[in-house]
């Protein structure tokens, strides 16, 4: 990734975003001070503001970096799975693996970094909430498309299934942050899938997530 010039010095954008991502991931939005970010990124505060405009601007640049890298499993699953049951199975399985990866703080940056914020940062929490809700809306739309195509039963409640899957995946993120193992979350994923497959009318195929 190309370097960025700020206040007379040039730095590698990918490198500083990687470092900022980990600071926000570990400490949350409010807990990540500009002083800590500057120190960990290896740039001074004027360079940070020149490149990203604000702490909020840096945060959402780090969120984009996360979503295009460590958190990209969700977008890939939506892109590559044709049917919603296979999509849900894959999301559950890959969330268990991704959220417990040993080289990160655990869980998901988008889910855990701004669940509670100060009043002055409420817009940050709102934007992250909108990102999370958009994923549930996308899943509902995919389930609805399968219902319309006749590959899922007409009586399937697309919203209920999407909400159920969303609650499980977001809960897995919190459990991973609290130290749950990959094995434990794979068990959660499998248990959740047993209920979801009934809701989807899936009586055949792989019973595991």
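Among the residues of the stretch 34-60, the ones that are out of contact with any helix residue (DSSP H, G or I) (no Cβ under 8 Å at 6 or more places or on another chain) and within 21 Å of residue 104 (Cα to Cα) come to 1 in all.
Only a single item in (1) modelled with pLDDT under 95; (2) closer than 30 Å to residue 32 by Cβ is not met by residue 136, and it is number (1). Between 52, 73, 60, 11, the distinction of being surrounded by 15 or more Cβ atoms within 10 Å (Cβ to Cβ) and free of Cβ contacts under 8 Å to residues at least 24 places away in the same chain belongs to 52 only.
Taking (1) buried (at least 21 other Cβ atoms within 10 Å of the Cβ); (2) at pLDDT 95 or above in turn, residue 93 satisfies each apart from (1). Taking only the stretch 108-163 into account, find how many residues are touching a helix residue (DSSP H, G or I) at 6+ places or on another chain (Cβ under 8 Å) and not in a helix (DSSP H, G or I). Count: 12.
Here's the yes/no breakdown for (1) modelled with pLDDT of 95 or more; (2) farther than 15 Å from residue 114 by Cβ; (3) part of a helix (DSSP H, G or I):
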| site | (1), (2), (3) |
| --- | --- |
| 35 | yes, yes, yes |
| 38 | yes, yes, yes |
| 43 | no, yes, no |
| 46 | no, yes, yes |
| 51 | no, yes, yes |
| 57 | yes, no, yes |
| 62 | yes, no, yes |
| 66 | yes, no, yes |
| 74 | yes, yes, yes |
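So which residues in the stretch 147-169 are under 28 Å from residue 107 (Cα atoms) and surrounded by 20 or more Cβ atoms within 10 Å (Cβ to Cβ), if there are any at all? 158, 161, 162, 165, 168, 169, listed by residue number.
The values are calculated or read from the model by the stated rules, or taken from the named source; none is laboratory data. Note that the structure is a prediction, hence the values are computed from the model and not measured. Counting neighbours? That spans all protein chains shown, and the Cβs are built from the backbone with ideal geometry, glycine included.
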